[in-house]
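What follows is a set of notes on a single structure, which appears directly below.
The values are calculated or read from the model by the stated rules, or taken from the named source; none is laboratory data. These figures come from a predicted structure and were not determined experimentally. Cβ sites come from the backbone with ideal geometry, for glycine too, and all protein chains shown count toward neighbours. Keep in mind that these areas ignore ligands, DNA and RNA; they rest on the heavy atoms of the full protein, side chains included. Shrake-Rupley method; radii C 1.70, N 1.55, O 1.52, S 1.80 Å.
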Amino acid sequence: MPLPEVDTAQVKREPVCIIGGGPSGLVTAQVFLRDGFQNVQVLCRDPHVGGVWSRDRIYPNMTINNVDGEFRFSAHPMTPPPDSTLTGGRLRGIDVCRYMEEFHEKHLRIPSDGDAKNEQPKSIVRFNAEAVKITRSPNSKGWDLLVKDTVSGETETLYFPRIVLCTGGASVPVFAEGLAPKDAVKAGFTGPVFHSSDAWPNMMTILDSVGVQEKPDPDAVPGADGHKSVVVIGGGKSAQDFSAYIASQGVPVTVVYNKLEIALAVNKPLPRAIRQSRLMSVFSPHITLNTRIERFLHTTAAGAKMIRKTWERMEEDSHDVYRVPKASPLRITRSLFWDVRSGDEGVKREDSFVSLVMKGKIKVVAPTYVSKYTSRGVETTEGEKLDASAIIVATGYGSSWNGMLDDATMLEIGLSQRVDSNALEEFKWNYTTLNNPPDLAPVPTFPDGTSKAPGLYRASVPAKTIDRRDIAVNGTMFTSSIGYTLEVCANWISAYFLGEAMRLPDSPEDATRLTLREFAWSRRRYPEYTGWQNPSVTSTTPFFCAIQAADEMLEDMYLPSMRSGGNWLTWLFKPISIDELGTLGEERSRKRGETNLNKLQ
Ligand SMILES: Cc1cc2nc3c(=O)[nH]c(=O)nc-3n(C[C@H](O)[C@H](O)[C@H](O)COP(=O)(O)OP(=O)(O)OC[C@H]3O[C@@H](n4cnc5c(N)ncnc54)[C@H](O)[C@@H]3O)c2cc1C
């Protein structure tokens with residue numbers, strides 16, 4: 001039975017709340033305003049927009065995995081970063097930060113009748129406003145939000161018929177077991193201990209911790225000869241960035257990791273026809289193989305050989321660019337093909353993490369884990385003791401939904417679900433490229449044998465309550481094409497709330513089955529990755545195939561997909577541009593039978 005019909009005019013009139021002022025929240029708000037929602041409100045816990053890229057969080061050497069054109073939205077151009085031709089347009093944290101601020105200024109301020117002449121239009125973003133508790137309102141229609149002003153501490157309850165969670169997955173610090181600051185205190189360690197999310201605001205304390213007399217020796221080997229060193233725990237991007245920054249300040253730094261997140265690197269910028277086309281996405285197997293070339297590449301022996309060789313080559317080339325020796329701990333990396341935890345550094349840099357390790361400016365202790373703190377620093381699982389002046393713990397983030405929503409509510413709404421692994425057995429993919437996978441990473445199970453799984457259909461709406469059209473989520477699709485997918489998801493959510501003609505599952509049960517299929521695919525494609533345990537950051541993992549996932553969502557809205565165009569020969573190399581999405585508002589409004597788009601946008 002199809003989902004119930006919607007009174008579009010009423011939906012547009014009623015208030016809608018977007019929780020989060022990061023990239024997901026901003027684009028969702030802009031798309032809603034453009035589509036004629038008359039009362040859009042954004043709650044942002046921070047004093048600035050941008051989320052991970054807000055001006056309080058970015059640090060000086062923060063480069064990102066994306067190049068110019070990939071981290072923006074169609075309604076607003078981005079000023080290209082400096083030295084674009086040399087770096088291939090590599091974006092820095094500051095570029096994304098400025099862009100998000102500009103986007104907010106231009107698109108999320110609305111003039112109102114009461115505004116005085118020359119007064120700046122009012123922003124729809126309410127800053128320093130944290131959603132601390134979300135509950136279904138007592139009449140079971142809509143949501144009550146307990147909102148706290150993070151400056152005054154005052155709270156109030158607001159009611160919204162519809163909400164969109166855009167709270168991201170990188171704001172709640174998680175310390176690995178036994179590595180919380182209180183554990184350091186217990187062990188008698190007196191130096192500073194910070195999670196990576198707090199490292200930048202506390203950088204002076206961290207740098208000063210080594211003591212002035214030790215700083216002037218630029219040739220000091222970190223950690224040797226009694227030299228204290230800042231110890232960074234973890235092998236991900238933050239761990240690499242912070243240790244590179246600390247080393248660049250002439251301060252000894254030691255990084256301890258089990259596996260390193262590999263960053264793709266090349267000698268010269270790749271042309272757009274390779275870097276920003278569909279080539280990479282076709283070279284990665286997707287949940288459905290929609291084109292002849294994908295079927296050849298992923299289901300034949302010859303195709304699989306070519307694919308696996310290509311990925312191995314990319315991995316090898318990234319090491320070769322830096323002349324990393326075969327036995328170097330820098331080669332203890334996560335697989336580029338089987339894992340999503342990789343980065344894209346672009347052109348080789350002299351100040352990158354790998355460069356600085358190769359120059360001896362950063363000491364590496366790997367593969368191992370830090371098992372505990374000692375009074376002098378840390379100890380590894382093998383018992384190696386490392387003296388530390390300060391410690392940065394870069395062991396990831398927890399769900400931004402915890403606290404705001406309790407487990408029972410999350411299950412009830414369907415933001416997550418519990419799954420018996422047998423229920424995944426029916427989903428099979430006989431891809432030759434997926435032969436001989438690594439072992440499936442174990443995940444915690446509940447006493448009844450089930451384990452936690454994501455519950456979002458198309459990474460956007462809880463399958464279990466898809467028929468209610470009152471809650472959605474943006475920002476949980478693990479993607480390599482962030483601007484493109486966030487904007488497509490925002491359109492999909494708007495269309496879903498407005499009740500536009502869409503290809504949707506007929507019932508919550510059908511939608512739930514499809515989320516299980518998606519989950520089974522995540523496990524099959526990326527067996528070692530369990531990041532979906534934090535559903536606020538990952539509900540689906542198309543990653544390199546994000547463009548195919550976005551195409552499917554465009555098709556759900558009965559809109560043209562594969563918008564980069566080209567003929568049978570050239571389509572693979574046609575660069576994808578976010579500007580392809582610039583007409584989505586008009587296309588959808590025509591579909592709704594409306595002629596006037598909201599002129600504000
Ligand atoms: C160090 C680092 C490097 C990264 N590099 C890349 C990269 O190179 N490329 C890439 O594509 N992605 C990268 N990411 C992922 C990053 O999360 C995304 O780029 C992007 O920021 C996601 O946007 P978002 O809006 O979904 O979440 P966020 O950017 O996390 O924004 C979340 C927003 O929600 C607000 N919020 C949270 N909880 C509440 C609440 N209860 N009430 C009110 N507001 C709330 C926060 O204040 C914030 O405004 C990186 C992440 C980190 C941590």
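Each 10 Å bin from zero holds the following percent of Cα-Cα pairs in region 366-440: 13, 22, 19, 31, 15, 1. If you wrap the tightest convex hull around every Cα atom of the chain and split its volume per residue, you get 179 Å³. With the whole protein complex present, L336 retains an accessible surface near 0 Å², based on a 1.4 Å probe. Put simply, the amide H of D68, placed in the peptide plane, has neighbours under 5 Å in R90, L91, leaving out anything fewer than 5 places away on its chain.
Quick check on region 172-397: of the DSSP beta bridges with both residues there, what percent are antiparallel, nearest 5%? Restricted to region 172-397, the bridges split so that about 25 percent are antiparallel. Within region 172-397, the percentage of alpha carbon pairs spaced more than 27 angstrom apart rounds to 40%. Largest first, the residues V253, V185, V266 sort by 1.4 Å accessible area into V185, V266, V253.
With the charge dipole of region 172-397 set up from +1 on Lys and Arg Cβ and -1 on Asp and Glu Cβ about the Cα centre, the Cα lying farthest toward the positive end among the listed residues V340, F194, Q249 is that of V340. One decimal place: the segment F573-T310 gains 93.0 nm when fully extended, by the rule 0.36 nm per residue minus the C-alpha distance.
Fully extending the segment from A327 to V174, taken as 0.36 nm per residue of separation minus the present Cα-Cα distance, adds 51.9 nm. Ranked from largest to smallest solvent-accessible area, with a 1.4 Å probe on the protein heavy atoms, T28, T8 come out as T8, T28.
Keeping the other protein chains in place, figure out the carbon and sulfur percent of the accessible area of the chain, with a 1.4 Å probe. Whole-percent figure for carbon plus sulfur exposure: 53. Taken one residue at a time, the phi angles of region 4-10 give Karplus couplings (6.51, -1.76, 1.60, θ = phi - 60°) of x, 6, 10, 8, 4, 4, 5 Hz. Gly and Pro are set to x. Relative protection proxy for 86-93, 158-165, from highest mean packing down: 158-165, 86-93 (other beta-carbon atoms within 10 angstrom). Near the amide H of K372, within less than 5 Å, lie the amide hydrogens of E379, all on another chain or at least 5 residues away, with H placed in the peptide plane. Given a 1.4 Å probe and the protein chains as shown, M502 ends up with an accessible area of around 30 Å².
Solvent exposure of the chain amounts to 43 Å² per residue of accessible area, where only protein heavy atoms count and the probe is 1.4 Å. Taking amide H atoms as placed 1.01 Å from N in the peptide plane, the amide H of R126 lies under 5 Å from those of V42, L43, C44, each 5 or more residues away in sequence or on another chain. Relative intensity of region 449-601 on a log10 scale, I(q)/I(0) at q = 0.21 Å⁻¹, equals -1.41, per a Debye sum over C-alpha point scatterers of equal strength in the absence of solvent. Loop-located trypsin sites (Lys or Arg not before Pro) in region 320-392 (DSSP state not H, G, I, E or B) with no more than 14 neighbouring Cβ atoms inside 10 Å: R323, K326, K359.
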